[in-house]
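Quick note: the coordinates plus some simple rules give every number you see, no bench work behind them. Quick caveat: nothing in here was measured; it's all calculated off a predicted structure. Ideal geometry is used to build each Cβ from the backbone, glycine not excepted, and the neighbour counts take in all protein chains shown.
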Amino acid sequence: MRWSRRHVLDTDDWSKEEIEAVLDTTGAMVEVLSRPVRRAPPLRGRTVVLFFAESSTRTRVSFELAARTLSADVVNISASGSSVEKGESLYDTVRTLQALGGDVVVMRHSSSGAPYFVSERTDAAVINAGDGWHAHPTQGLLDAYTLRGALGDLAKKRIVIVGDVTHSRVARSDINTLVPLGATITLSGPPTLMPSAWRCGQAPPGTTYEPDLDRALDGADGVIALRLQKERQEGGLLPSLREYTRVWGLTEARVSRMRPGAPVMHPGPMNEGVEIDAAVAHGTRSLVERQVTNGVAVRMALLYLLVGTPTLEAS
Amino acid sequence: MLLGADDVRRAISRIAHEIVERDRDLAKIAIVGIRSRGDVLAARLRDAIRSNENATVPLGSLDITLYRDDLTRIGYAPIVHESALDFSVDDKVVVLVDDVLFTGRTIRAAMDALVDYGRPRAIRLAVLVDRGHRELPIRADFVGKNVPTKPTDDVRVHLTEVDGRDEVELIARERVNA
């Protein structure tokens, strides 16, 4: 397959072949990360701009490690302490990024769709590192890679996604990535935190909604717990965190309803004792740390595929 | 046709002997093939050494896509495959194996990749066909066959494991197809 995308904004229109190309390239990057010298040269002389207008440590560090491992130069622009805080508009920030001449802009923004706005106004390749409630494509891809490593071929595998689906860009990107690979998804969580169409029989293809978590987990091949934002309770969508934990928290007893050895994942950072018990988060089924390691490799794969080589026009 | 199945078999058998003749300490020798035909030849060399010497030398494979300097000319990112080098190259005599030696750029990239795994005592080069037209100061230590070619010619190596038959053919071309 020949890679032809210029940006990674959302995986909702990706083919199975494109997703598999990224996952296969990720395997090669995992091997690079295991070498005594963790560095390869394909992005030498390239600049990767990390533009995080919403706070994030892990995703930013993961992208930074990925870019440095491929020998790129890295520039950080965060919202706090930059001109964004002084009231600069997104448009002005984009003009500045364009003038600085980065080859890739990795961006996180609290507004859904912001990466599209940027991609239309810059020559750089844009990677969406999370925009509002919309998408977090690299998380979806790293979850797919991690699940594939644990389960093999994902065809006919049933994965449960539990939590605040409405406000979760991770859930959307997981669905967009796992369903084309043949997996089916059972969504679970409070009805107040599920898009109303999805809980009324209009869930996306390949997914179903099952409000009873125990029933959702019965015989499942894996589960992904979403992070519960504590402000959801203040917004009136949850009676209390304790009730959420009692009904939708992942406990040892609950996860053992899945197939023996079925993995447990979480995009982090975890609220231990809320959406996931500490015993489960650090138990034998947990792939949480593997997700973090694989995240670097997935991001390396995307950086390589987007700018590992100059385009013919540019050269 | 430049080489038939018997020629390929004899060349590999001869190179296997030459490798051991050159570096007698079998415990120090490792064979590393460059994907995607060199790794097949490397496995055959390992097997030949095993049957000749009754000793198994470590075998690895390298994918050098990340180290190529000609990506601009291809214009798109080729899919990177996994390298497999599960032994330490430190202090080993590493014999790099490739099918065709041409400009030398692949070998340069392979040496760059190899030193990221450690510090070999020496790196040697074994190729099935040396077709000339080097662009870098690189030469092979073990050669199956030297073949005079035009820069525009195409040398195609077919190996049973990937192509169903052993054969090396020269396709004469006046101009390189874009």
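Some points to look at:
- Scanning residues 5 or more positions from residue A:194 or on other chains, those with amide H under 5 Å from its amide H are A:166, with H placed 1.01 Å from N in the peptide plane.
- Between residue B:69 and residue B:169, the FRET efficiency estimated from the beta carbon spacing at R0 = 30 angstrom works out to 0.65.
- Residues whose placed amide H lies under 5 Å from that of residue A:74, excluding near-sequence neighbours: A:48
- Estimated inter-spin distance, residue B:133 and residue B:121, nm [label 7 Å along Cα→Cβ]: 3.7
- Counting, for every residue in A:31-42, the Cβ atoms of other protein chains within 10 Å of its Cβ and taking the mean gives 5.
- Loop trypsin sites (Lys or Arg not before Pro), segment A:78-185 (other Cβ atoms within 10 Å of the site Cβ: 16 or fewer; DSSP): A:86, A:121, A:156
- Column: log10 I(q)/I(0), Debye, Cα scatterers of segment A:60-130, q = 0.17, 0.26 Å⁻¹: -0.63, -1.43
- Residue B:22-residue A:259 pseudo-label distance in nm [points 7 Å out on the Cα-to-Cβ vector]: 5.0
- Its alpha carbons give segment B:5-150 an Rg and a Dmax of 14.8, 46 Å.
- Counting 0.36 nm for each residue step from residue A:192 to residue A:284 and taking away their Cα separation leaves a gain of 29.9 nm.
- Using every pair of distinct Cα positions in segment A:121-163, the Kirkwood expression returns a hydrodynamic radius of 12.7 angstrom.
- Rounded to the nearest 0.05, the FRET efficiency derived from the C-beta distance between residue A:246 and residue B:84 at R0 = 35 Å is 0.10.
- Average Cα contact separation per residue, chain B, under 8 Å, 6 or more apart, as relative contact order %: 23
- The GluC sites (Glu not before Pro) of segment A:222-283 include none that meets both criteria, a DSSP state outside H, G, I, E and B (loop) and at most 12 other C-beta atoms within 10 angstrom of the site's C-beta.
- Stretching residue A:208 away from residue A:116 to a fully extended chain increases their span by 30.2 nm, per 0.36 nm per residue minus the current alpha-carbon distance.
- Going from the residue with the fewest nearby Cβ atoms within 10 Å to the one with the most, A:117, A:52 rank A:117, A:52.
- Positive minus negative residues near residue A:132 (Lys, Arg vs Asp, Glu; Cβ under 13 Å): 0
- GNM flexibility winner over chain A from A:250, A:90, A:303 (Cα, springs under 10 Å): A:90
- Residue order, fewest to most beta carbons within 10 Å, for B:115, A:179: B:115, A:179
- In this simple spin-label approximation, residue A:34 and residue B:47 carry label points 7 Å from Cα along the Cα→Cβ vector, and these lie 2.5 nm apart.
- Sorted from greatest to least, the principal axis extents spanned by the alpha carbons of the protein assembly as shown come out as 79, 54, 39 Å.
- For segment A:137-289, the share of alpha carbon pairs falling in successive 10 Å distance bins from zero is 12, 46, 36, 6, 0 percent.
- Estimated vicinal HN-Hα couplings, Hz - segment B:22-27 in sequence order (Karplus 6.51, -1.76, 1.60; Gly, Pro = x): 6, 10, 5, 6, 4, 5
- Local net charge near residue A:17, Cβ-Cβ under 11 Å (Lys/Arg +1, Asp/Glu -1): -1
- Ranked list, fewest to most other Cβ atoms within 10 Å of each Cβ, for A:107, A:1, A:300: A:1, A:107, A:300
- Computed extension length for residue B:150-residue B:55: 30.2 nm, one decimal, from 0.36 nm per residue of separation with the Cα-Cα distance subtracted.
- Summary of the geometry: segment B:1-50 and segment A:84-125, compared by the centres of their Cα atoms, lie 54 Å apart.
- With contacts taken as Cα pairs under 8 Å and at least 6 residues apart, segment A:175-223 reaches a relative contact order of 38 percent.
- Test item: A:14-25 mean partner chain Cβ contacts at 10 Å: 1
- Residues whose amide H lies under 5 Å from that of residue A:209, counting only those 5 or more places away or on a different chain, are A:187; hydrogens are built 1.01 Å from N in the peptide plane.
- Average partner coverage of A:295-307, which counts Cβ from other chains inside 10 Å: 1
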